[in-house]
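Student: One structure, as structure tokens, below. Some questions next.
The values are calculated or read from the model by the stated rules, or taken from the named source; none is laboratory data. What you see is a predicted model; the values in this text were computed from it and never measured. Neighbour counts run over all protein chains shown; Cβ positions are idealised from the backbone, glycine included.
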Amino acid sequence: MFVTEPHVGLRVVRVAKGMTQAEAAAACGVSAGYWSEVESGRRIPKAPDVARIADILDIKMSTATITVEVPGFVALAAGG
């Protein structure tokens with residue numbers, strides 16, 4: 001699944017891995033507030049944070065396209 005809005009994939013993967021936002025933030029070395037903003041789509045992570053987030057969640061992320069590749073998950077699209 002490729003997600004064009006990173007926060008959608010981040011939450012799915014974090015929850016699937018059994019991590020809380022606080023645990024993910026601590027592992028990434030950022031505040032829980034920062035993590036929450038990134039995961040909710042209110043903030044775009046800085047390039048160094050993208051690499052740490054990808055490493056922690058074991059996913060591929062691209063700062064060039066702002067996409068998240070989430071292996072093993074099915075993409076769901078919301079109409080609007």
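Student: Identify, by number, the condition in (1) at pLDDT 80 or above; (2) under 14 Å from Leu10 (Cβ atoms) that Pro48 doesn't meet.
Tutor: For Pro48, the exception is condition (2).
Student: Can you tell me which residue within region 37-56, out of those that are under 10 Å from the mean Cα position of the chain (by Cα) and among the small types (Gly, Ala, Ser), is surrounded by the most Cβ atoms within 10 Å (Cβ to Cβ)?
Tutor: Among those that are under 10 Å from the mean Cα position of the chain (by Cα) and among the small types (Gly, Ala, Ser), it is Ala54.
Student: If you don't mind, another one. For Ala54, all conditions in the list (1) at pLDDT 75 or above; (2) in contact with a helix residue (DSSP H, G or I) (Cβ under 6 Å, 6 or more places away or on another chain); (3) of a type outside the set (Lys, Arg) hold save one; what is the number of the exception?
Tutor: (2)
Student: Can you find a residue that is assigned to a loop (DSSP other than H, G, I, E, B), loosely packed, with under 12 Cβ neighbours inside 10 Å and modelled with pLDDT under 85 anywhere in region 18-32?
Tutor: The answer is no; no qualifying residue exists.
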